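Below is one structure, written out as structure tokens; the observations come after it.
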Amino acid sequence: MSRTGKVCLIGAGPGDPELLTLRALRMLQEADAVVYDRLVSPEILALAPDTARRLFVGKAPKHHPVPQDEINALLAELALNGYSVARLKGGDPLIFGRGSEEAAHLTSLGIPVEYAPGITAAQGAAAATGVPLTHRGLASGVRYVTGHRQADGVLDLDWASLADPDTTLVVYMGVANIAQIAMCLMAEGLPGSTPVMAIANATTPRETRLFSSLERIAPDTCAANLSAPVLFVIGRVVKLCADWPAVEFLSSEETETRTVIARAAHA
Ligand SMILES: C[S@@+](CC[C@H](N)C(=O)[O-])C[C@H]1O[C@@H](n2cnc3c(N)ncnc32)[C@H](O)[C@@H]1O
């Protein structure tokens, strides 16, 4: 190969291969090399041609993640050597996916970049559980926030604006900081009784759901020992899930007994 190739930034969705877009599938099938993350399911990876090189750049258990600079350099090297590269990322590459950093590096070198959007974890979780992200009378908007800062820095979100009972809050990468997140939201006035769903491995056969309240979500998450990846959906819309406990939470003592862990029907 000699001519400059290209890099396709492809959203693989939250796990279920049926959630891949047709464009993503075509780009994947046309790839000479696939560079993929930990959250990409094996079923999706299997859709790439057998002849395509497969390069894992995610964070393996007990190993450091491949530094972003090295991933950028690898993508550039492959494309400059003429490869048509499928850069596969979980969910959507432009939502907490660092896709824009990779694209900026590649375009600065004159390497063509194309995109295939993916279904982000929040939307996958919504469809899997029947918890809408917006709902007339319950949530007039939705916000996606990260619950994690680079190098474990301070989580300095705009808590006052996030503590809005009329907006659904979706927290990505929030397990380690869920106690702080819940505390800061309550300190800004969001009621402790606000419903919360934690969902692990949404849209996969390993999907697990935990229902709780803002004041209970930290200890409940700890007790449930959910396996990554985990997403939190905070807001009144959570009550619309068929799995939501039939009787509403009345006090903190009662919330403890009403926490429900349900495994998905497709498990
Ligand atoms: C680095 S972010 C990547 C987000 C991804 N780009 C997206 O659009 O969904 C990783 C976080 O996404 C969430 N996530 C991704 N896939 C998930 C899934 N299948 N179930 C639950 N959470 C998921 C978790 O919060 C996880 O810590």
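The values are calculated or read from the model by the stated rules, or taken from the named source; none is laboratory data. Small disclaimer: the values here were computed from a predicted structure and weren't measured. Because the Cβ atoms are built from the backbone with ideal geometry, glycine has one as well, and the counts that use them run over all protein chains shown. All accessible areas refer to the heavy atoms of the entire protein, side chains included, with ligands and DNA or RNA removed. Shrake-Rupley method; radii C 1.70, N 1.55, O 1.52, S 1.80 Å.
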task = Would you compute, from DSSP H runs of 4+ residues alone, the mean residue ellipticity of the chain at 222 nm, taking -39500 (n - 2.57) per run and dividing by the full residue count, rounded to the nearest 500?
result = -7500 deg cm²/dmol
Mean Cβ neighbour count within 10 Å, used as a protection proxy, ranking 46-58, 215-227, 120-132, 102-114 highest first = 120-132, 215-227, 102-114, 46-58
ask   = Reachable lysines from Lys59, Cα under 18 Å, same-chain residues fewer than 8 places away excluded?
value = Lys89
request  = Specify the inter-centroid distance of the range 1-46 and the range 99-158, based on alpha-carbon positions, in whole Å.
outcome  = 18 Å
request  = Hey, can you grab everything whose amide H is under 5 Å from the amide H of Ala116? Only 5+ residues off in sequence or another chain; H modelled, so Pro and N-termini drop out.
outcome  = Leu9, Ile10, Gly11
request  = Pop out the carbon and sulfur fraction of the accessible area of the range 121-263 as a percent, whole number, probe 1.4 Å.
outcome  = 53 percent
request  = Please compute the net charge surrounding Asn72, taking Lys and Arg as +1 and Asp and Glu as -1 over other residues with Cβ under 11 Å from its Cβ.
outcome  = -3
request  = State in Å² the accessible area per residue of the chain; use a 1.4 Å probe, count heavy atoms of protein chains only, and round to the nearest integer.
outcome  = 49 Å²
